[in-house]
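Read through the structure below, which is laid out as structure tokens, and then see the notes.
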Amino acid sequence: MTKQDWAYVEERLKKQFAIVVLSCDGYRLSLTLKQISDMGLAICTYVNGEFKGRWMLEDCEERRRFLYPRTRYVMSAKDRKSWVKDFGKRWLKAHNIDVDKTYTDYLPWWKSFRSLKAHLIKNNTSIELVSEAL
């Protein structure tokens, strides 16, 4: 895709009910701006016209290519700080307690177009603008 194509896609995705369809390495990716919370909007992804919940749980091609990987700490910042203060780093290490442990979950929406674009470019070799609706 050209720079103008990406600008066009970004502009179209500022309208809530517009749908942009991309072809990414043989997959048909539909992007649309939807409401995900009371006051929040995000770009939702549909692969080949559908979304399957198992993509968020199982490691698969669709998850790696199109879903948003979100890494979070197991413990809150307040708890991490408290554990280090109360027990000390040496004691925590001796008892194999990692206060900085993280996990990654995958979401079907993107709050940033720039991060979506970067993820698509990184994980797909061929991206083409197919069409747009509305």
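The values are calculated or read from the model by the stated rules, or taken from the named source; none is laboratory data. What you are looking at is a predicted structure, and each value in this text was computed from that prediction instead of being measured. Glycine also receives a Cβ, built like all others from the backbone with ideal geometry; neighbour counts cover every protein chain displayed.
For the stretch 9-25, which positions are touching a residue at least 40 places away in the same chain (Cβ under 8 Å), part of a loop (DSSP other than H, G, I, E, B) and not aromatic (Phe, Trp, Tyr)?
LEU13, LYS15, ALA18, ASP25 - these are the residues of the stretch 9-25 that are touching a residue at least 40 places away in the same chain (Cβ under 8 Å), part of a loop (DSSP other than H, G, I, E, B) and not aromatic (Phe, Trp, Tyr).
Table: residues versus (1) closer than 22 Å to THR32 by Cβ; (2) small (Gly, Ala, Ser).
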residue	(1), (2)
GLY49	yes, yes
LYS85	no, no
ALA94	no, yes
ARG114	yes, no
ASN124	yes, no
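Take the conditions farther than 29 Å from MET1 by Cα and either out of contact with any Cys (no Cβ under 8 Å at 6 or more places or on another chain) or among the small types (Gly, Ala, Ser) (or both) and apply them to TRP55. Does it pass? Steps first, please.
Working: farther than 29 Å from MET1 by Cα: no; either out of contact with any Cys (no Cβ under 8 Å at 6 or more places or on another chain) or among the small types (Gly, Ala, Ser) (or both): yes.
So TRP55 fails the test.
Give the residues of the stretch 41-50 that are surrounded by fewer than 11 Cβ atoms within 10 Å (Cβ to Cβ) and not in a loop (DSSP other than H, G, I, E, B), sorted by residue number.
Across the stretch 41-50, the qualifying residue is only GLU50.
For ARG63, which of the numbered conditions (1) in contact with a Ser or Thr (Cβ under 9 Å, 6 or more places away or on another chain); (2) assigned by TED's automatic domain parsing to the domain that holds THR45 fails to hold?
Exception for ARG63: condition (1).
Checking TRP55 against (1) modelled with pLDDT of 95 or more; (2) of a type in the set (Phe, Trp, Tyr); (3) under 22 Å from GLY26 (Cα atoms), which test does it fail?
Answer for TRP55: the failing condition is (1).
Could you please let me know if THR32 is surrounded by 13 or more Cβ atoms within 10 Å (Cβ to Cβ), assigned to a strand (DSSP E or B) and touching a helix residue (DSSP H, G or I) at 6+ places or on another chain (Cβ under 7 Å)?
Taking the combined requirement at face value, the residue does not satisfy it.
Looking at (1) small (Gly, Ala, Ser); (2) within 30 Å of THR2 (Cα to Cα); (3) outside the structural domain of MET1 (by TED's automatic domain parsing), find the lone condition where GLY88 falls short.
(2)
Can you go through ASP38, ASP5 and tell me which one is loosely packed, with under 15 Cβ neighbours inside 10 Å, part of a helix (DSSP H, G or I), at pLDDT below 95 and assigned by TED's automatic domain parsing to the domain that holds ARG114?
Values: ASP38 fails: part of a helix (DSSP H, G or I).
Of the residues listed, the single one that is loosely packed, with under 15 Cβ neighbours inside 10 Å, part of a helix (DSSP H, G or I), at pLDDT below 95 and assigned by TED's automatic domain parsing to the domain that holds ARG114 is ASP5.
From LEU129, LEU116, LEU134, grab the single residue that is out of contact with any His (no Cβ under 9 Å at 6 or more places or on another chain), in the same structural domain as LYS15 (by TED's automatic domain parsing) and modelled with pLDDT of 95 or more.
Exactly one residue qualifies, and that residue is LEU116.
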